[in-house]
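Data block below; observations after.
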Amino acid sequence: MSARILVVAEHDGSKLNVSTAKAVTCATRVPGGTVDVVVLAADASAVAAQAAAIAGVGKVLVVENPANQEPLAAVYAPQVAKLAAGYSHVFGPSTTFGKDVMPRVAALLGVSQVSDIMDVEGTHTFKRPIYAGNAILTVEVPTDAPVVATVRIASFEAAPEGGSAPIEKADAGVALPSHTRFIERSGATTGRPDLQSATRVVSGGRALGSADNFKIIYALADKLGAAVGASRAAVDAGYVPNDLQVGQTGKIIAPELYFAIGISGAIQHMTGIKDARTIVAINKDAEAPIFESADIGLVGDLFQILPELEKALG
Amino acid sequence: MRRIMVGVKRVVDYNVRIRVKPDNTGVITDGVKMSINPFDEIALEEALRTKEKGLADEVLAVSIGPADTQQQLRTALAMGADRAILVQTDANLPPLSVAKVLQKIAEAEQPFMVLLGKQAIDEDNGQTAQMLAALLDRPQAVSCSKLEVTDGKARVTREVDTGLETLEIDLPAVLSVDLRLNEPRYVKLPDIMKAKKKPLDVKALGDFGVAEGSTFKTVKVEPPPARSKGIMVKDVAELVGALKQKGLV
């Protein structure tokens, strides 16, 4: 049986989220598979064109409906479940979008979901982290039922552009509920790179001591063109907003370069940066566990080191 | 009766350092401290606060697990839950089976709100709330960091990758809670004594028409690849040098 994989696109109405191209990469690793992308939107024209340009995509299905303006799981899931007919696999990114929608799709299709695929071993065999990444499970799922999965986006590179897949209108033809209503979204529009997809990230911890002191983290980040992150301790102390938290209960990221500044390196934080290419740790405590996992460590006072570093970087 | 149902999973305590079994069949849980899944504790706390505000009459704690799970349900009762149900099984049920059991209980108990943790910290599936909402054909709100219950509706703020999202959902609904919704209360000794008298019903999994076990097969469980220890530099100049050498700046 050859695999037919449907990837559910994540987007904001005008721009395709890079998580989609990463989920496509995961899908292309399924042996003998063909990969289609489905875009649900009020007006899908811009996003569908971006999806069609991803290399390896066979076709893009477009479901346009005013009800699809916001990505409400209760509205999206029945449509995805309907369109899943004829597909052997349905993948979504393991972002807050995919984590919301995909398990609802799985339940409608009568299967449990494979959460956070980090590696594909076969058409029905996958690796995924359990216990906050402290163990890796290889799981084999039945071949006689659809496979619904989320893809751990830190584990896959984005599929490159260069495709020119045909775009087809689709009609899910299902009744949609009105019991869930979008009110508002508030968030960081900082002009800085997005933490989840940035290639460089500078994170600060409790040692920063105050929200005001965090400005030296922002200054270094701006010098490097990096996104800003934080440890859970720094978030809990109110130095920075929640959406900057890196770690098991925050964002799991995989930048090329990660600066952990004044962060001790609790397991819960390290889980979020396991796949970072190079970790630089700056901490005044030479015994901090962060130095066990850092590629480059520097012991010292961050308030002295950071301005120096900023200067040295020109 | 305005009832809130809360899911309580027995998991390896979050402070325990996880070790993989030498035969790669799972992680070591023998002799390891077990606790209520921390996210479920937050769900329970929110249910109790909702009741304390006069917006609910009863908090029902539900768990699925081995006989020892009674310990976690007693803790839930000591925190303030009014009664508890244990669906007893030694099988490790997959999320869809858990959701099906919870569906049956919800249909019998008719809660106006089901509160669950956003994920259990053992298998990190993060599926049960969404699946239960789908099976009940009701609204879901995942990763809630703020909850306001008004007449027949709830206004919920969810933590999403881009910040915060606010939804209005009709009740009944299924909600999963995130870390920052509240800080769970500590249990006091008199409450532990009182909890011993609260009702805890034990039911058999067979009563729910849900199969034991899973169609998902564990091939193996391995420790994650270790990161190799890096280098220490003595000052900023060396740090910049090392970064340049790696072509990172």
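Here, each number is a calculation from the coordinates, and none is a lab measurement. Because the structure is predicted, anything quoted here is derived from the model rather than measured. Don't worry about glycine lacking a Cβ; one is built from the backbone with ideal geometry, like all the others, and counts go over all protein chains shown.
Per-structure values
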quantity: Only Lys, Arg (+1) and Asp, Glu (-1) charged, at Cβ; chain A dipole about Cα centre in debye; calculated: 200
quantity: 5 angstrom amide H check on B:VAL87, placed H, neighbours 5+ away; calculated: B:SER63, B:ILE64, B:GLY65, B:LYS203
quantity: Shielding score for A:123-133, defined as the mean number of other chain Cβ atoms within 10 Å; calculated: 4
quantity: Hz values of 3J(HN,Hα) by residue in the stretch B:91-102 - Karplus curve (6.51, -1.76, 1.60), Gly and Pro given as x; calculated: 6, 8, 7, x, x, 5, 5, 4, 4, 5, 5, 4
quantity: Sorted peptide list for A:65-73, A:202-210, criterion being average Cβ within 10 angstrom, highest first; calculated: A:202-210, A:65-73
quantity: Sparsely packed GluC sites (Glu not before Pro) within the stretch A:152-226, loop by DSSP, other Cβ within 10 Å at most 16; calculated: A:GLU157
quantity: Summed side-chain charge close to A:PRO177 - residues other than A:PRO177 whose Cβ falls under 11 Å, Lys, Arg +1, Asp, Glu -1; calculated: 0
quantity: Taking all pairs of distinct alpha-carbon atoms in the stretch A:1-149, Kirkwood radius in angstrom; calculated: 15.2
quantity: Between 0 and 90°, nearest 10: helix A:18-28 axis offset from chain A longest Cα axis; calculated: 60
quantity: Volume of the Cα convex hull of the stretch A:31-99, divided per residue and given in Å³; calculated: 101
quantity: Listed pairs A:LYS99/B:LYS246; A:LYS274/B:LYS118; A:LYS22/B:LYS234 exceeding 31 Å between Cα atoms; calculated: A:LYS99/B:LYS246; A:LYS22/B:LYS234
quantity: In order through the stretch A:111-123: 3J(HN,Hα) via Karplus (6.51 cos²θ - 1.76 cosθ + 1.60), integer Hz, x for Gly, Pro; calculated: 10, 6, 9, 8, 8, 6, 4, 10, 7, 10, 9, x, 4
quantity: Unit charges at the beta carbon, dipole of the protein assembly as shown: most positive-side option, A:ALA172, B:ILE85, B:ALA120; calculated: B:ILE85
quantity: Farthest toward positive dipole pole in the protein assembly as shown [+1 Lys/Arg, -1 Asp/Glu at C-beta], among A:ASN17, A:ALA207, B:PRO95; calculated: A:ALA207
quantity: Rounded, prolate or oblate (a/c below 1.5 giving rounded, otherwise prolate when a/b exceeds b/c) for the stretch A:200-312 by Cα gyration tensor; calculated: rounded
quantity: Per-residue Cβ neighbour rank within 10 angstrom, fewest leading, A:THR95, B:THR157, A:THR199, A:THR138; calculated: A:THR199, A:THR138, B:THR157, A:THR95
quantity: Backbone HN-Hα couplings from phi across the stretch A:4-14 [Karplus 6.51/-1.76/1.60, Hz, Gly and Pro as x]; calculated: 10, 10, 10, 9, 8, 6, 9, 7, 10, x, 10
quantity: Acute angle (nearest 10 degrees) that the helix B:38-52 long axis makes with the longest principal axis of chain B, alpha-carbon atoms; calculated: 40
quantity: Globularity ratio of chain A, using Cα Rg and 2.2 N^0.38 Å; calculated: 1.06
quantity: Within the stretch A:1-62, percent of DSSP bridges classed antiparallel, to nearest 5; calculated: 10
quantity: Between helix A:215-224 and chain A: long-axis angle, C-alpha atoms, 0 to 90°, nearest 10; calculated: 60
quantity: Residue order, fewest to most surrounding Cβ atoms within 10 angstrom, among B:MET79, A:MET102, B:MET193; calculated: B:MET193, B:MET79, A:MET102
quantity: Proxy reagent accessibility, fewest Cβ within 10 Å first, across B:ASP191, B:ASP161, B:ASP57; calculated: B:ASP57, B:ASP191, B:ASP161
quantity: Dipole moment magnitude, nearest 20 debye, the stretch B:195-249 about Cα centre, only Lys, Arg, Asp, Glu C-beta charged; calculated: 180
quantity: Signed unit charges on C-beta, dipole axis of chain B, positive-most listed residue B:ALA237, B:ILE18, B:ALA61; calculated: B:ALA237
quantity: Equivalent ellipsoid, the protein assembly as shown (semi-axes from 5 times Cα gyration tensor eigenvalues, Å); calculated: 36, 30, 23
quantity: Over 27 Å (Cα to Cα) - which of A:LYS127/B:LYS104; B:LYS100/B:LYS197; B:LYS146/B:LYS196; A:LYS15/A:LYS251; A:LYS251/B:LYS100 fall in this group; calculated: A:LYS127/B:LYS104; B:LYS100/B:LYS197; B:LYS146/B:LYS196; A:LYS251/B:LYS100
quantity: Neighbouring partner chain Cβ atoms per residue of B:234-244, average, 10 Å criterion; calculated: 5
quantity: Check: the protein assembly as shown dipole with +1 on Lys, Arg Cβ and -1 on Asp, Glu Cβ, in debye; calculated: 620
quantity: At R0 = 41 Å, FRET efficiency that the Cβ-Cβ distance of B:GLU107 and B:LYS146 yields, to 0.05; calculated: 0.90
quantity: Å³ per residue enclosed by the Cα convex hull of the stretch B:3-222; calculated: 133
quantity: Of A:VAL62, A:VAL299, A:VAL35, the one that fluctuates the most in a GNM where chain A has Cα springs shorter than 10 Å; calculated: A:VAL299
